[in-house]
Amino acid sequence: MTPPETRKEIQKLTDQINYHNNLYYQKNKSEISDYEFDQLLEKLIQLEKDFPELKLPDSPTQRVGGTITKEFPNVAHEYPMLSLGNTYSAEELKDFDSRVAKGLDGEPYEYFCELKFDGVSISLKYENGMLTQGITRGDGVRGDDVIANVKTIRTLPLKIKSKNIPHKFEVRGEVFLPKKNFELLNKEREDIGEETYANARNTASGTLKMQDSAEVAKRKLDCYLYYLLGEENNVETHEEAIKKMESWEFQVSPTYKKCRNIQEVLKYIEHWEEKRNDLPLETDGVVIKVNNLSQQRQLGFTAKSPRWAIAYKYKAESVSTRLNGITYQVGRTGAVTPVAELEPVFLAGTTVKRASLHNANEIERLDLRIGDYVFVEKGGEIIPKVTSVDLARRDEKLKPVSYITHCPECGTELIRHEDEANHYCPNEKGCRPQITGRIVHFIQRKAMDIDSLGEKTIEQLFDLGLVKTPADLYDLNKEEVLRLEGFKELSTKNLLKGIEASKAASFEAVLFAIGIRFVGKTVAEKLARHFKSMENLMSATYEQLLEAPEVGEKIAQSVHHFFEQKENQLEISRLKKAGLQFESSFKEPEKISNALGGKSFVISGTFQNYERDHLKEVIVAHGGKVLSSVSGKLDFLVAGENTGPAKREKAEKLGVKIISEQEFEQLLK
Ligand code: IVH
């Protein structure tokens with residue numbers, strides 16, 4: 001390619017990928033398969049690597065990150081980032097309304113209500129339609145420009161398509177980690193022995209400040225915008241500004257509402273009090289803004305906050321109860337978690353008896369004493385938390401809690417690494433919950449999927465001296481299982497059948513199951529596909545491990561260390577002897593045609609000419625996409641014999657095309 005041709009090709013790929021990204025993230029549609037999309041992206045990544053000077057400012061490769069920022073530039077905000085006054089009752093809100101009415105000298109006015117999103121505020125600057133800066137709040141006057149990390153947010157336009165835009169403008173909003181992503185992230189961290197994060201907001205905040213934007217991209221942050229600033233925006237009301245942002249394809253939460261008076265505002269507040277729990281992110285209140293911008297100017301600002309807006313904070317449901325004691329749980333990796341044992345109390349629909357206290361720092365922060373009355377809350381998360389001590393009720397004779405020094409399970413002295421908040425029991429090989437925890441990890445659905453075994457059975461197997469490591473499971477015989485409490489002929493047969501069936505689990509699953517620290521499901525998959533077999537993986541050097549996708553120093557070290565241990569080598573050879581899969585059967589799907597280019601399919605029922613898995617492969621090989629559930633964005637439901645009536649009904653309702661096996665074959669032609 002000549003340089004002008006390369007330039008043209010880069011422009012074409014950039015536009016194409018941005019078009020498909022936009023279609024997918026803004027409109028929930030797709031015109032090409034994931035495979036085709038990845039191909040385009042790969043091509044662009046390679047070209048940008050070879051010709052970095054030709055990379056465009058709105059390049060979609062920034063979405064997957066890869067930029068390392070050692071220090072974020074500290075820059076001044078063009079308009080200071082103020083905070084909002086808070087109110088907690090209808091009375092206080094009516095007082096605000098009176099102040100507004102007075103400030104506007106009896107002129108009529110309207111309000112615009114939005115939810116108060118519990119994330120991290122961000123200010124985004126656009127020049128000539130291009131996103132140029134993404135600045136954190138900082139102290140309100142200056143903040144950090146975290147642009148590389150902001151660009152990983154898929155719903156955020158890097159370039160505004162609309163032609164009719166001001167030369168320069170700024171939008172502000174809230175970056176957040178969707179609740180679902182937060183839970184998944186924590187589950188993954190738990191699985192690989194990393195400390196879990198306390199809440200989504202702080203995690204989002206920490207994520208925005210990470211140096212490696214590729215890591216940020218994996219976390220899948222999202223963003224809602226709620227404020228448009230600039231000199232040439234040509235809008236007279238906040239509502240117009242919101243509509244304008246929507247038309248420029250910024251993501252605005254659809255929960256807003258214009259209210260004609262404070263009574264309507266109160267109704268809005270009531271409406272969302274419960275319903276907000278169903279939203280994809282945490283919210284902690286409502287923001288009420290005077291809608292008309294010239295009225296906003298008339299009302300102005302105090303030193304800290306606008307007089308034209310206020311926040312109404314929902315009361316977090318909170319109760320006070322007695323802290324009866326603290327117990328300590330030891331997990332698979334030896335991490336110790338303190339748990340508050342509470343006098344049972346009714347809170348938001350359930351009786352609460354226990355709450356996690358996370359680690360020793362948290363106990364110190366709360367300054368807990370056994371016998372204290374503590375406040376317990378349920379936030380957006382399901383697990384209750386102790387938020388503070390009711391000091392008015394404290395008995396002065398109570399002594400501060402001293403954290404345990406020895407493992408409550410095996411008596412070994414606990415250790416605490418310098419940079420970690422958790423205490424650990426180092427007795428990996430002899431501490432009961434660590435041993436049984438490793439087996440529970442091994443059998444879980446995401447790993448070997450032995451559902452005939454549960455935690456209680458594993459504990460019994462261990463207590464009877466029958467199972468100490470996963471490999472022991474494959475040596476169990478009928479007589480031994482019959483020794484378990486409640487096990488009869490049939491349950492024994494089922495248990496052994498489940499263990500036997502697990503031998504078919506993929507190498508990817510086996511690699512996750514053996515519980516190498518920091519090797520979660522995704523990393524296990526990448527390692528298995530990169531090294532292809534256990535043998536190759538075990539003999540890989542530290543440097544070779546680093547060459548695998550997703551593998552950094554921490555993981556490479558952990559994997560290398562794991563396979564160096566004699567006990568682990570022995571365990572692996574026993575698992576091999578038992579007949580587990582030690583080779584990856586993954587093959588890159590070969591593309592035959594693009595006859596189904598980008599169309600999505602759900603298959604249901606049974607077919608004459610295909611097994612279900614085969615039909616899925618055919619769809620992918622012809623450029624289509626297989627989805628698991630029927631939704632509005634689905635293109636076809638391929639209905640075989642005995643198609644589920646619920647699926648069919650849903651497809652009919654949503655106007656999804658229902659096709660037979662024969663009609664599907666017509667599509668291939
Ligand atoms: S408007 C002049 N709207 O709450 C301030 N803020 O305590 C204009 N926030 O820093 C802010 N949801 O981070 C506004 N719908 C919303 C909001 C919102 C959350 C945050 C924002 C702000 C803080 C104020």
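The values are calculated or read from the model by the stated rules, or taken from the named source; none is laboratory data. Worth saying up front: this structure is predicted, and the values here are computed from it rather than measured. Ideal geometry is used to build each Cβ from the backbone, glycine not excepted, and the neighbour counts take in all protein chains shown.
For the reader, a short list of remarks on this structure follows.
- Taking the numbered list (1) in a helix (DSSP H, G or I); (2) within 15 Å of the ligand (Cβ to nearest atom); (3) of a type outside the set (A, V, I, L, M, F, W, C); (4) buried (at least 16 other Cβ atoms within 10 Å of the Cβ) in turn, ASN202 passes all entries but (4).
Matching residues to (1) under 24 Å from the mean Cα position of the chain (by Cα); (2) without any contact (Cβ under 8 Å) to a residue 40 or more places away in the chain:
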| site | (1), (2) |
| --- | --- |
| THR492 | no, yes |
| GLU508 | yes, no |
| GLY515 | yes, no |
| HIS530 | no, yes |
| ASN536 | no, yes |
| SER539 | no, yes |
| GLU543 | no, yes |
| GLU550 | yes, yes |
| GLU553 | yes, yes |
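- Residue pairs meeting the criteria (Cβ under 6 Å; at least 6 apart or on separate chains; first touching a residue at least 40 places away in the same chain (Cβ under 8 Å) and within 16 Å of ALA316 (Cα to Cα), in the range 279-298; second in a helix (DSSP H, G or I) and within 13 Å of the ligand (Cβ to nearest atom)): THR283/ARG276
- Matching strands (runs of 3 or more DSSP E) fully within the range 562-669 where at least 3 residues are more than 31 Å from the chain's Cα centre (by Cα) and at pLDDT 85 or above: 657-659
- Residue tally, condition among the charged types (D, E, K, R), assigned to a strand (DSSP E or B) and surrounded by fewer than 19 Cβ atoms within 10 Å (Cβ to Cβ), over the range 115-143: 2
- Conditions (1) touching a strand residue (DSSP E or B) at 6+ places or on another chain (Cβ under 8 Å); (2) away from the ligand (no atom under 12 Å from the Cβ); (3) within 20 Å of ASN86 (Cβ to Cβ): number failed by VAL286: (2)
- Hey, GLN296 within 12 Å of the ligand (Cβ to nearest atom) and in a helix (DSSP H, G or I) or not: yes
- Restricting attention to the range 348-372, the residues being closer than 17 Å to GLU317 by Cβ and surrounded by fewer than 17 Cβ atoms within 10 Å (Cβ to Cβ) number 5.
- Meets criteria (touching a residue at least 12 places away in the same chain (Cβ under 8 Å), away from the ligand (no atom under 16 Å from the Cβ) and assigned to a helix (DSSP H, G or I)) for ASN181: yes
- Search result, residues across the range 27-40 that are modelled with pLDDT under 90, surrounded by 15 or more Cβ atoms within 10 Å (Cβ to Cβ) and assigned to a helix (DSSP H, G or I): TYR35, GLU36, PHE37
- Yes/no for ALA316 being part of a loop (DSSP other than H, G, I, E, B), without any contact (Cβ under 8 Å) to a residue 24 or more places away in the chain and not β-branched (Val, Ile, Thr): no
- SER320 of a type in the set (S, T, N, Q) and within 14 Å of the ligand (Cβ to nearest atom): no
Matching residues to (1) within 17 Å of ILE192 (Cα to Cα); (2) buried (at least 17 other Cβ atoms within 10 Å of the Cβ):
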position: LEU511; (1), (2): yes, yes
position: TYR542; (1), (2): no, no
position: LEU545; (1), (2): no, yes
position: ALA556; (1), (2): yes, yes
position: LYS576; (1), (2): no, no
position: GLY597; (1), (2): no, no
position: ASN609; (1), (2): no, no
position: LYS625; (1), (2): no, yes
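- Restricting attention to the range 69-99, the residues that are among the aromatic types (Phe, Trp, Tyr), within 16 Å of the ligand (Cβ to nearest atom) and in a loop (DSSP other than H, G, I, E, B) add up to 2.
- For the range 423-535, the helices (runs of 4 or more DSSP H) that sit wholly inside it and include 2 or more residues that are over 26 Å from LEU184 (Cα atoms) are 455-463, 470-473, 478-482, 489-501.
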